[in-house]
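J.: Got a structure for you, questions after.
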Amino acid sequence: MTEAWKSRIAAAFGTAAEDYDRVGRIQWAVAHEMSRRLALAPLPDRPRVLEVGCGTGFLTASLLPCLPGAHWLATDIAPEMVWACERRFASQPRFEARVMDGEHPDLTPASFDLVCSSMAAQWFTDLPAALAGLWDMVRPGGFLAISTLGAETFAEWRAACTACGVTPATPQYPDAATYADWLGDGAEVIEAWHQAESSSALTFLQDLKVLGAHIGQKDTRPTPPGTLRRVMRQAGMRGFAATYHVLHGIRRKPA
Ligand SMILES: C[S@@+](CC[C@H](N)C(=O)[O-])C[C@H]1O[C@@H](n2cnc3c(N)ncnc32)[C@H](O)[C@@H]1O
């Protein structure tokens, strides 16, 4: 089942690779927020960086210029995203991209000064276990920095579902305290809220599809079209604002 789920995720984002940059306004803002924080982290002059769920390269584009000597390994579960990222950074020295499931990194433990990821970890099937696996990749003195979605994400859509007696297909994301706990001792979590303004709930759902982010949580059936129409009417036919609640988590390994 997990394999089938991972294939669905890879296929959805693979299809999205071409148009992702056109609609990924919030993902771009989140990548900037994270790179602003990481630019201040005491990293070596030529850090080895592992990026997980690179997509078309929003975080890469924002952070790589702050770390000009970095050896960068960008990874994603969707081959089309890896190719898009590779094309974008083809002229960068010491830059590599490849397909990898970030929940199962087939890399040498303790070999990266920075393991980072922006807006990808919400797709992991077991986030606490995945965080532990990525933490193992961090060298002593290095950083794990993972931004993901928090509990208040799409609260408006969830409220519309509840009002219609429908169980929302959007997953239950962790709150900041739970996420800090999953990251482990000494982790710091900063919260941010972004609003995606759409002309209607339908446009919001259509944009999620362009982003590849339209598949509901694992093991749920797609909402029948009639039910979906009811929820969309409830949510807003003229104007719909959806909250992205973002958790920027960072943890440093003792030297
Ligand atoms: C919303 S996009 C974010 C991409 C990019 N980091 C950004 O900020 O624009 C999520 C990305 O995570 C990737 N992804 C999902 N599950 C993954 C996994 N288990 N391992 C690696 N990448 C994954 C998807 O293929 C997609 O490219």
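J.: Go through (1) out of contact with any Lys or Arg (no Cβ under 7 Å at 6 or more places or on another chain); (2) within 16 Å of the ligand (Cβ to nearest atom); (3) modelled with pLDDT under 95 and name the single condition Thr167 misses.
T.: (2)
Yes/no matrix, rows are residues, columns are (1) touching a residue at least 40 places away in the same chain (Cβ under 8 Å); (2) buried (at least 21 other Cβ atoms within 10 Å of the Cβ); (3) away from the ligand (no atom under 12 Å from the Cβ); (4) within 16 Å of the chain's Cα centre (by Cα):
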{"position": "Phe95", "(1), (2), (3), (4)": "no, no, yes, no"}
{"position": "Ser111", "(1), (2), (3), (4)": "yes, no, yes, no"}
{"position": "Ala121", "(1), (2), (3), (4)": "yes, yes, no, yes"}
{"position": "Val138", "(1), (2), (3), (4)": "yes, yes, yes, no"}
{"position": "Gly142", "(1), (2), (3), (4)": "yes, yes, yes, no"}
{"position": "Leu149", "(1), (2), (3), (4)": "yes, yes, no, yes"}
{"position": "Phe154", "(1), (2), (3), (4)": "yes, yes, yes, yes"}
{"position": "Ala180", "(1), (2), (3), (4)": "yes, no, yes, no"}
{"position": "Glu191", "(1), (2), (3), (4)": "yes, no, yes, yes"}
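J.: Can you find a residue that is under 28 Å from Ala110 (Cα atoms) and in contact with a helix residue (DSSP H, G or I) (Cβ under 7 Å, 6 or more places away or on another chain) anywhere in region 234-246? Steps first, answer last, please.
T.: To start, the set of residues in region 234-246 that are under 28 Å from Ala110 (Cα atoms) comprises 246.
Next, from what is left, pick out any that are in contact with a helix residue (DSSP H, G or I) (Cβ under 7 Å, 6 or more places away or on another chain): 246.
Yes, region 234-246 has at least one match.
J.: Another question, if that's okay. Those residues that are assigned to a strand (DSSP E or B) and either crowded, with 18+ Cβ neighbours inside 10 Å or of a type in the set (Val, Ile, Thr) (or both), I need them from region 200-255; list them, please.
T.: At the first step, the residues of region 200-255 found to be assigned to a strand (DSSP E or B) are 240-252.
Phe240, Ala242, Thr243, Tyr244, His245, Val246, Leu247, His248, Gly249, Ile250, Arg251 - these are the residues of region 200-255 that are assigned to a strand (DSSP E or B) and either crowded, with 18+ Cβ neighbours inside 10 Å or of a type in the set (Val, Ile, Thr) (or both).
J.: Somewhere in region 48-59, is a residue more than 12 Å from the ligand (Cβ to nearest atom), over 20 Å from Val246 (Cα atoms) and of a type in the set (Val, Ile, Thr)? Steps first, answer last, please.
T.: If we filter region 48-59 for residues that are more than 12 Å from the ligand (Cβ to nearest atom), which is where we start, we get 48-49.
If we keep only those that are over 20 Å from Val246 (Cα atoms) as well, we get 48-49.
Checking which are of a type in the set (Val, Ile, Thr) leaves us with 49.
Yes, because at least one residue in region 48-59 is more than 12 Å from the ligand (Cβ to nearest atom), over 20 Å from Val246 (Cα atoms) and of a type in the set (Val, Ile, Thr).
J.: Could you check region 1-58 for helices (runs of 4 or more DSSP H) lying wholly inside it with 3 or more residues that are polar (S, T, N, Q)? It would help to see each step written out before you state the result.
T.: Numbers: elements: 2-16, 20-23, 25-38.
Per the criteria, 2-16.
J.: Can I ask one more? Please find, within region 15-44, the residue that is nearest to Ser111 (Cα to Cα) out of those that are surrounded by 20 or more Cβ atoms within 10 Å (Cβ to Cβ) and of a type in the set (Gly, Ala, Ser). Before the answer, list the steps.
T.: Of region 15-44, the ones surrounded by 20 or more Cβ atoms within 10 Å (Cβ to Cβ) are 16-17, 20, 24, 27, 30-31, 34-35, 38, 43.
When the remaining residues are screened for being of a type in the set (Gly, Ala, Ser), the result is 16-17, 24, 31, 35.
Numbers: Ala16: 31, Ala17: 29, Gly24: 31, Ala31: 23, Ser35: 21 Å.
Looking at residues that are surrounded by 20 or more Cβ atoms within 10 Å (Cβ to Cβ) and of a type in the set (Gly, Ala, Ser), I get Ser35.
The values are calculated or read from the model by the stated rules, or taken from the named source; none is laboratory data. Here the structure is a predicted model, which is why all the values come from computation and not from measurement. As a convention, Cβ positions derive from the backbone with ideal geometry for all residues, glycine included, and neighbour counts pool all protein chains shown.
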